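J.: Attaching a single structure in structure tokens format; questions to follow.
The values are calculated or read from the model by the stated rules, or taken from the named source; none is laboratory data. Values in this document were obtained by computation on a predicted structure and should not be read as measured data. Heads up, the Cβs are rebuilt from the backbone with ideal geometry, glycines too, and the neighbour counts pull from every protein chain shown. Ligands, DNA and RNA are excluded from the accessible area calculation, which covers all protein heavy atoms including side chains. Shrake-Rupley method; radii C 1.70, N 1.55, O 1.52, S 1.80 Å.
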Amino acid sequence: MSYEFDFSFLAERWPDFVAGAWLTVQLTVVSITLGLVVGTICALARIYGGPWLKRLVGAYVELIRNTPLLVQIFIVYFGLSSLGLKLSAEVSAVIALVVNGGAYTTEIMRAGIQSIQRTQLEAADCLGLTRLQTILHVVLLPAMERVYPALTSQFVLLMLASSITSQISTEELTATANLVQSDTYRSFEVYIIVAVVYLALSALYRVAFWLIGLVLFARKRKLGTAL
Amino acid sequence: MIELNANHFLYLLQAATWTLLLSLIAFAGGSVVGLVVALLRVSKSRLLRGLAIGYIQLIQGTPLLIVLFLSYFGLGIMGYKLVPIVAAGLSFTLYAAAFLGEIWRGCIEAVPRTQWEASDCLGLNRFQQYTYVVLPQAVRLAIPPTVGFMVQIVKNTSLASVIGFVELARAGQIVNNSTFEPFAIFVMVAAIYFAMCYPLSLAARALERKAHVGR
């Protein structure tokens with residue numbers, strides 16, 4: 001059988017793809033940032049919190065990690081709106097991605113925080129740092145440095161998972177692809193293009209995270225080795 | 001409008017068996033292809049290693065949803081019209097193979113070098129080294145992360161709903177269309193997924209703990 005590839009629709013539709021990719025980037029940058037905040041707070045709560053707080057965070061992590069993102073998105077978008085809380089598709093997408101990413105980040109950050117040695121905390125105590133100062137300067141950054149590779153690959157996976165938000169009509173890259181392919185009947189070409197764009201985005205995110213890592217972790221920048 | 005009732009719940013449970021079946025297909029297919037990917041990934045030949053790396057990067061760098069669309073709509077337009085379960089099975093096999101291949105590569109590489117050298121000294125050939133010495137040890141290391149990855153497979157089968165395969169997530173949408181109680185229904189769907197995934201997560205954790213005690 002022979003199949004003629006035809007990418008001619010690109011001449012007309014490329015701005016749609018750019019707009020879709022841009023929304024994907026916006027959605028994921030916001031979700032990753034908020035997810036990191038949520039995950040870090042939950043990780044701290046899980047380690048330093050009281051027994052009930054620990055249990056609560058544990059339940060959150062397990063509930064999210066053992067259910068599909070698609071269903072979580074449906075609960076936020078369709079479920080909450082039926083309860084009277086009307087949210088736009090974009091806002092629902094961000095909420096679902098933050099809640100989802102936050103749970104995974106909690107586990108990763110927890111591993112990082114637990115890898116900080118007691119002696120570091122004792123030294124901080126001796127220097128008269130308050131608890132908040134200790135957490136900010138002695139615990140969090142070095143903890144993040146240790147789990148940075150796991151953290152960033154989790155973030156890249158979150159970016160790829162954002163394609164699922166197309167199912168609630170968020171007009172990001174995948175939804176754009178669905179739209180263009182239903183106009184042009186060129187589904188094979190459309191999805192190949194979008195796959196390439198996602199590959200490029202993953203590469204771009206990896207480079208960005210590497211650069212952010214260089215800025216964030218001075219020791220690594222100077223010595224070339226992790227903590 | 002129809003009231004949400006016990007029959008709807010039974011319908012969801014029935015759909016959950018399709019989720020399990022699809023997960024099994026994905027895991028079986030992914031294991032076979034994944035083992036090949038893992039072996040290529042640790043091969044002596046640069047070309048084969050490069051191929052395996054390229055494959056892994058390709059799959060891990062694109063969303064599973066796009067792979068699904070490509071194999072269902074894309075191949076369909078090219079003339080290979082696959083039924084949803086075949087398209088989904090194919091996509092999940094490709095997806096699982098990339099991740100399992102990478103997990104198992106780590107396990108194969110974690111077998112100490114000395115084991116390779118010792119089996120070299122005993123005059124075993126490469127095939128014998130793998131089947132008698134390396135793989136049996138790698139399998140023990142591989143079990144906990146593999147069980148952990150099965151959770152990902154079960155969850156990701158929910159994406160098959162977008163190509164019209166009636167598994168748990170799609171069944172939830174169908175029930176929702178007739179009863180319009182999305183919150184109750186999707187929480188129920190999530191609970192069923194949880195009931196399938198949580199035991200796997202617990203098992204993975206227990207196996208991991210056991211593996212660490214042994215060392």
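J.: Can you find a residue in the range A:121-144 that is in contact with a Leu (Cβ under 8 Å, 6 or more places away or on another chain), more than 9 Å from chain B (Cβ to nearest Cβ) and within 26 Å of A:V94 (Cα to Cα)?
T.: Within the range A:121-144 (the criterion being in contact with a Leu (Cβ under 8 Å, 6 or more places away or on another chain), more than 9 Å from chain B (Cβ to nearest Cβ) and within 26 Å of A:V94 (Cα to Cα)), the answer is yes, since at least one residue qualifies.
J.: Can you find, within the range B:96-127, the residue that is surrounded by the fewest Cβ atoms within 10 Å (Cβ to Cβ) among those that are among the acidic types (D, E) and free of Cβ contacts under 8 Å to residues at least 60 places away in the same chain?
T.: Per the stated criteria, the residue is B:E117.
J.: All but one of (1) part of a helix (DSSP H, G or I); (2) under 30 Å from B:N177 (Cα atoms); (3) free of Cβ contacts under 8 Å to residues at least 12 places away in the same chain hold for A:T33; which doesn't?
T.: (2)
J.: Within the range B:50-69, take every residue that is facing chain A (nearest Cβ under 9 Å) and open to solvent by 40 Å² or more (accessible area, probe 1.4 Å) and give me the one that is nearest to B:A28 (Cα to Cα).
T.: Per the stated criteria, the residue is B:Q60.
J.: Among the residues of the range B:144-160, are any modelled with pLDDT under 95, open to solvent by 40 Å² or more (accessible area, probe 1.4 Å), more than 26 Å from B:S201 (Cβ to Cβ) and assigned to a helix (DSSP H, G or I)?
T.: For the range B:144-160, residues modelled with pLDDT under 95, open to solvent by 40 Å² or more (accessible area, probe 1.4 Å), more than 26 Å from B:S201 (Cβ to Cβ) and assigned to a helix (DSSP H, G or I): absent.
J.: Check whether at least one residue in the range B:74-96 is farther than 30 Å from A:Y185 by Cβ and not polar (S, T, N, Q), and report yes or no.
T.: yes
J.: Let me ask something else. Which count do you get for residues in the range B:162-191 that are at positive phi and within 11 Å of chain A (Cβ to nearest Cβ)?
T.: Result for the range B:162-191: 1.
J.: Identify the residue in the range A:72-97 that is in a loop (DSSP other than H, G, I, E, B) and more than 7 Å from chain B (Cβ to nearest Cβ) and, among all such residues, is nearest to A:E172 (Cα to Cα).
T.: So, considering only residues that are in a loop (DSSP other than H, G, I, E, B) and more than 7 Å from chain B (Cβ to nearest Cβ), the one nearest to A:E172 (Cα to Cα) is A:S88.
J.: Just give me the residues in the range A:56-71 being within 8 Å of another protein chain (Cβ to nearest Cβ) and closer than 16 Å to B:A195 by Cβ, in sequence order.
T.: Answer for the range A:56-71, where residues must be within 8 Å of another protein chain (Cβ to nearest Cβ) and closer than 16 Å to B:A195 by Cβ: A:E62, A:L63, A:R65, A:N66, A:T67, A:P68, A:V71.
J.: Related question: Quick one: count up the residues across the range A:1-52 that are polar (S, T, N, Q), away from chain B (no Cβ under 14 Å) and under 30 Å from A:R186 (Cα atoms).
T.: The qualifying residues number 2.
J.: Quick check on B:I77: is it without any contact (Cβ under 8 Å) to a residue 40 or more places away in the chain, within 14 Å of another protein chain (Cβ to nearest Cβ) and either open to solvent by less than 60 Å² (accessible area, probe 1.4 Å) or within 30 Å of B:A195 (Cα to Cα) (or both)?
T.: The answer is no for B:I77.
J.: Just the residues that are surrounded by fewer than 20 Cβ atoms within 10 Å (Cβ to Cβ), more than 8 Å from every other protein chain (Cβ to nearest Cβ) and not in a helix (DSSP H, G or I), please, taken from the range A:148-203.
T.: Across the range A:148-203, the qualifying residues are A:S169, A:E171.
J.: I'd like the full set of residues that are open to solvent by 20 Å² or more (accessible area, probe 1.4 Å) and within 14 Å of chain A (Cβ to nearest Cβ), limited to the range B:80-89.
T.: B:Y80, B:K81, B:L82 - these are the residues of the range B:80-89 that are open to solvent by 20 Å² or more (accessible area, probe 1.4 Å) and within 14 Å of chain A (Cβ to nearest Cβ).
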